[in-house]
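The values are calculated or read from the model by the stated rules, or taken from the named source; none is laboratory data. All values reported here derive from a predicted model rather than from experimental measurement. A quick note on method: Cβ atoms are made from the backbone with ideal geometry, for glycine too, and the neighbour counts reach across all protein chains shown.
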Amino acid sequence: MKILYGVQATGNGHITRARVMASALANEGVEVDFLFSGREADKFFNMELFGDYQVRRGLTFSVANGGIDRWRTLTQNNLIQVIRDVRGIDLEQYDLIISDFEPITAWAAKLQKKPCIGIAHQYAFSYPIPGPGIGWMMMLMIRFFTPVQQGIGLHWHHFDGPILPPLIETQSYPTTQQAGMILVYLPFENREQIRQWLIPFNDYEFHVYCDVSTAEDEGHILWRPLSREGFRRAQASCDGVIANCGFGLASEVLQAGKKLLTKPLAGQPEQVSNAAVLEYLGLAEVFHRLEAEQFYRWAGQASPEPIVYPDVAATLARWIRGGCEQSATELARELWNAV
């Protein structure tokens, strides 16, 4: 069996899911080629696992000052190039196409009449989720963005729908708790804004992972270059995490039993929904501007109990290898019973 696996690379959560699925599919003896889009080729890091992967420009969003810049998003995406990329992919050698919310592979599969399934958090929004709704226009955009034949959605609760638990990487470092050490990952925020937020709290040590070339220590704020392994080590030993409302990272934090203070990316419906669900389930605190009262209240909380998620990737890999015959409802029931 040979698969082309398309991954939306705007955020690292999609890439992390692909890492887990790559190993699980390899264990099932499935041959996989990977295609990533939505990020410039020189912005990828720690990609050795994916072998000779492909990169396309794809579609992404532009961010300014912690929110979606709609004008730049509209003007900087090149639809003509996307169409060329879709038409330029030959899928003859593949038995199945998988899209983690990646449009080029999904559209190529539709045009070439190849079987295509989607595995991503976004497909959970096809079902009723607590909090602000995604809206019918956004749902149409999600379906148009990646026209898969079957979408497997992932979320922190099933909400009485065929939604699977998070598909995340098992922590490879021992989980400890270094008092006062806070891990910060706010890739959509201005660095100076992050600095201004963190400067007043000099009785804490902040490890901020961001787009810097080398490590820089600025008093109690430690700026660190993007590194998957470095980030995982910090995540395992920190006292808490401050991050945007991306699904993948929040899932890892919940599994590690770390407290989470999260900021939704303004104008991004998925992150706004994620923030509402985290609050609804009592799993995190949400902020829009970091204030002292909220920070100290959050930082003084005890660590939550870890949420032990089952091996969703292994189950999905077996399902894929077996021809995707079991229904999503049956998959969801089996996996949530193991949480």
When the residues of the range 92-124 are narrowed to those that are touching a strand residue (DSSP E or B) at 6+ places or on another chain (Cβ under 7 Å) and of a type in the set (G, A, S), which ends up farthest from P269 (Cα to Cα)? A109
Can you name the number of the only condition in (1) assigned to a helix (DSSP H, G or I); (2) closer than 27 Å to L167 by Cβ; (3) at pLDDT below 95; (4) among the hydrophobic types (A, V, I, L, M, F, W, C) that L74 fails? (2)
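Conditions tested, residue by residue: (1) under 16 Å from K259 (Cβ atoms); (2) in contact with a helix residue (DSSP H, G or I) (Cβ under 8 Å, 6 or more places away or on another chain).
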position: P166; (1), (2): no, yes
position: P174; (1), (2): no, yes
position: M181; (1), (2): yes, yes
position: V184; (1), (2): yes, yes
position: I194; (1), (2): no, no
position: F201; (1), (2): yes, yes
position: E205; (1), (2): yes, no
position: D211; (1), (2): no, no
Just to be sure I understand, how many residues within the range 144-187 are at pLDDT below 95, crowded, with 21+ Cβ neighbours inside 10 Å and out of contact with any Lys or Arg (no Cβ under 9 Å at 6 or more places or on another chain)? 1
Mind counting the residues in the range 238-258 that are of a type in the set (D, E) and in contact with a strand residue (DSSP E or B) (Cβ under 7 Å, 6 or more places away or on another chain)? 1
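Per-residue answers, yes or no, for (1) among the aliphatic types (A, V, I, L, M); (2) at pLDDT below 95; (3) touching a Cys at 6+ places or on another chain (Cβ under 9 Å); (4) more than 25 Å from P269 (Cβ to Cβ):
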| position | (1), (2), (3), (4) |
| --- | --- |
| H14 | no, yes, no, no |
| V30 | yes, no, no, yes |
| M47 | yes, yes, no, yes |
| G58 | no, yes, no, no |
| S62 | no, yes, no, no |
